[in-house]
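One structure is given here, and the rest of the page talks about it.
The values are calculated or read from the model by the stated rules, or taken from the named source; none is laboratory data. Keep in mind that this is a model prediction, so the values were computed, not measured. Glycine also receives a Cβ, built like all others from the backbone with ideal geometry; neighbour counts cover every protein chain displayed.
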Amino acid sequence: MAIIAILAVIVGVYVSRLVTDLTAQARTFDLNKLEQMESASVILDRNGKIFGQIFVENRDTVPYEQLPADLVKAVVAVEDAKFYQHHGYDLVGIIRAALKNFTAGHVRQGASTITQQLARNSFALKEKTYRRKLLEIFLAQRIEDQFGKQKIMELYLNRIYFGGGLYGAEAAARGYFGKSAREMTLAECATLAGLIKSPNRLSPWTDRDNSREARDYALDRMRDLGFISENNAPLQARKRSSLAAGRMRKAKATRSITSVSRLLLLSVGTGRRTKAFAFAPQSMWISRKWPKIL
């Protein structure tokens, strides 16, 4: 009994120090950076029409009010069913994941909430270690203390990667479906929610079959949670999302955008690699004058 008591004291001291250390480390992160996201610079031709974009991350941030309710529901259904009940982390989910990881002998399942994912993606917490996971939880609690659920969802959907070089829901909607996020159908919202887990592999540009399966899973989860009616899920699953020809770019337009990008880099410089993204229609010819950059 004495040995057990001594071990209990040692464990208690260790846990107390660990909690103190992680709490202090979580406080070192500047939460204002959650709202600091890179967006694309828009290039206009001489007629004032959008000609292309220059970006490090192809993103167009939008307020929560411009995000469709079906997208929010789909993401909650797939990524974090208890999003509106927890305070940054799901204890039951963590225990379940810990048991699976212990059985596997390595970190196999994360059980990250939406808030934890926001923390990880915003502050590059990428290591697959238990200490990183604990830090992520403490940081998620700080985020929940400072922001409401609606703001957290807005930050999350504007930041995360949706595959195909598209960051945030607005860029993903325009890239995949040729429309703004608020114009997406239920099936399209489910498509985006379904590919978050593995955006490059599940991108409809990469594998339409896997993307369709992920979409159907999202619809089933929405039905199971009562977000959509029993009959609506199979109806939406039969609908085919019309993908925009986002990857079919006019070669001349791409070269023109690249030239503008180089001029911009010479003028202002950048510490990161910048990409050029052209989406001019086939009928548009390159202006002899340099386009304007916004």
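The set of residues from the range 159-172 being out of contact with any Asp or Glu (no Cβ under 7 Å at 6 or more places or on another chain) and surrounded by 24 or more Cβ atoms within 10 Å (Cβ to Cβ) comprises 162, 166, 169, 172.
Suppose we keep only residues that are of a type outside the set (Ser, Thr, Tyr) and surrounded by fewer than 19 Cβ atoms within 10 Å (Cβ to Cβ) within the range 200-211. Which one would you say is farthest from residue 166 (Cα to Cα)? Filtering first and then ranking leaves 209. Residue 39 meets the conditions (1) surrounded by 14 or more Cβ atoms within 10 Å (Cβ to Cβ); (2) of a type outside the set (A, V, I, L, M); (3) within 25 Å of the chain's Cα centre (by Cα); (4) at pLDDT 75 or above in every case but one. The failed one is (4). When 175, 194 are screened for being within 23 Å of residue 118 (Cα to Cα), at pLDDT below 95 and either buried (at least 23 other Cβ atoms within 10 Å of the Cβ) or out of contact with any Lys or Arg (no Cβ under 8 Å at 6 or more places or on another chain) (or both), only 175 passes.
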